[in-house]
Amino acid sequence: MAWSDILGHESAKRFLQTHLATGAVPNAYLFAGPDGVGKRRLALEMAKALNCDAPGARPCDHCPSCARFGRGAHPDLHLLSPSGASNQIKMEDIRMLLGRVALRPFSAPVQVAILDGTDRLTEEAANSLLKVLEEPSVHTKFLLMTSRLSFCLPTIVSRCQLVRCSALPAEVMTRLLIQQHGCDASVAGPVSQLAGGSLARAADLAGRWRAYGQVCARLADTGMGSWLEQPLPETRESVAHLLEAMLSWLRDVTVAAVEPSHVAHAAHAEALRRQAAVTNVERCVDAALELHALRESLDQFVSPRLVAALAREKWLSLTSV
Ligand SMILES: [Zn+2]
């Protein structure tokens, strides 16, 4: 893979390539942007470029160092992500990482630590990482990532060069879904409109496109019939999918109120227009906030059945006529 193989993120790529060309590479970067847009690919490419042996534009993608970084299997590449039931990066995780980077690199000029979920560091772990970021080493670069910049410790953000990774354009996602995921064009197009610029979300949605269509048919029904006839989902994952579909649909109801031709659920434009006519934006926003809180409660191990029932009540109170 080369920079040109990473679609989108043109300004981020230019920014990083300029640093490589001038040698002005800071101690730490923070890649910030939505989940699934390619932050990790950018970070891995930068890690590879930092250690490429070639004299020209880096990475060359041919030298032994590029090959090992490309496989994610270099001994001087350290990866850390949130883990455990709390989905956090804890003090012991950071201590282990910092212990490894405190040693000289094994064979690369620069060892690289890629840390996903900077917003999920415990306070103790964040402060420990901060101390290291305040004492740059020529042998170590930190490539941090986050999808929730506002949840990151401000002092960590201030110690990093921020690299903003924006949502991928729908046409880029459509191409990637067809080329890299073997997706049918009839699915890739509408999925790209619904995925909010996240390729990971688009690929997930494409994999359950038929089921998503059934959920949409239920959301399009302004009566109670389909809700009473069909059972509610029961697993945590399927309830999460229902809530995410409701939130995406609600966004489209508000769009339909002002510009019906711009809805993402294009196949349901008429149903959306009807629903927009019997509600208003304020009610949609209130409902979206409540549904979002229900989505969060799923991660707090509230019963999925209870969450699904509460979501159904909220939905019916909003859309039934
Ligand atoms: Zn190389």
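The values are calculated or read from the model by the stated rules, or taken from the named source; none is laboratory data. This is a predicted model, so every value here is computed, not measured. Backbone-built Cβ (ideal geometry, glycine too); neighbour counts: all protein chains shown. Side chains included, ligands, DNA and RNA excluded: accessible areas come from the protein's heavy atoms. Shrake-Rupley method; radii C 1.70, N 1.55, O 1.52, S 1.80 Å.
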Next item on the list: Search segment 40-73 for residues being part of a helix (DSSP H, G or I) and free of Cβ contacts under 8 Å to residues at least 24 places away in the same chain, and hand back the single one that is nearest to the ligand (Cβ to nearest atom).
Entry: Cys66
Checklist line | Identity of the residue in segment 191-235, of a type in the set (Gly, Ala, Ser), in a helix (DSSP H, G or I) and within 14 Å of the chain's Cα centre (by Cα), that ends up surrounded by the most Cβ atoms within 10 Å (Cβ to Cβ) | finding: Ala202
Notebook entry, point to check: Can you tell me which residues in segment 138-151 are outside any helix (DSSP H, G or I) and open to solvent by 10 Å² or more (accessible area, probe 1.4 Å)?
Noted result: Val138, His139, Lys141, Ser147, Arg148
Next item on the list: For Ser186, indicate whether it is open to solvent by less than 30 Å² (accessible area, probe 1.4 Å), over 17 Å from Asp252 (Cα atoms) and at pLDDT below 95.
Entry: no
Notebook entry, point to check: Which pairs do you get when a residue that is more than 21 Å from Arg210 (Cβ to Cβ), found in segment 255-284, comes within reach of a residue that is open to solvent by 80 Å² or more (accessible area, probe 1.4 Å) and not in a helix (DSSP H, G or I), reach meaning Cβ atoms under 7 angstrom, with the pair 6+ apart or on two chains?
Noted result: Val278/Val321
Next item on the list: Collect the residues in segment 1-55 that are open to solvent by 70 Å² or more (accessible area, probe 1.4 Å) and in contact with a Cys (Cβ under 6 Å, 6 or more places away or on another chain), keeping them in residue-number order.
Entry: Asp53
Margin query: Show me the helices (runs of 4 or more DSSP H) entirely contained within segment 247-321 in which 1 or more residues are over 24 Å from Pro231 (Cα atoms).
Written below: 269-278, 281-299
Note to self: Only one of Arg218, Arg210 is of a type outside the set (S, T, N, Q) and touching a helix residue (DSSP H, G or I) at 6+ places or on another chain (Cβ under 9 Å). Can you tell me which?
What the structure shows: Arg218
Notebook entry, point to check: When Leu79 is evaluated against the numbered criteria (1) open to solvent by less than 50 Å² (accessible area, probe 1.4 Å); (2) under 30 Å from Asp299 (Cα atoms); (3) in a strand (DSSP E or B), which criterion, by number, is the only one it fails?
Noted result: (1)
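Picking from Ser238, Ser248, Ser158, which residue would you name as being open to solvent by 20 Å² or more (accessible area, probe 1.4 Å), assigned by TED's automatic domain parsing to the domain that holds Leu121 and under 23 Å from the mean Cα position of the chain (by Cα)? Working first, answer last.
Working: Ser238 fails: assigned by TED's automatic domain parsing to the domain that holds Leu121; Ser248 fails: assigned by TED's automatic domain parsing to the domain that holds Leu121.
Criteria check complete, one pass: Ser158.
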Next item on the list: Check off (1) crowded, with 22+ Cβ neighbours inside 10 Å; (2) within 16 Å of the ligand (Cβ to nearest atom) for Thr118 and give me the number that stays unchecked.
Entry: (2)
Next item on the list: Report yes if some residue within segment 99-113 is touching a residue at least 60 places away in the same chain (Cβ under 8 Å), farther than 15 Å from Arg159 by Cβ and not in a loop (DSSP other than H, G, I, E, B); otherwise report no.
Entry: yes
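Can you go through Glu135, Glu171, Glu123 and tell me which one is surrounded by fewer than 15 Cβ atoms within 10 Å (Cβ to Cβ) and closer than 29 Å to Arg14 by Cβ?
Details: Glu135 fails: closer than 29 Å to Arg14 by Cβ; Glu123 fails: closer than 29 Å to Arg14 by Cβ.
So the residue among Glu135, Glu171, Glu123 that is surrounded by fewer than 15 Cβ atoms within 10 Å (Cβ to Cβ) and closer than 29 Å to Arg14 by Cβ is Glu171.
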Next item on the list: Of the conditions (1) touching a residue at least 60 places away in the same chain (Cβ under 8 Å); (2) open to solvent by less than 60 Å² (accessible area, probe 1.4 Å), Arg305 clears all except one; give me its number.
Entry: (2)
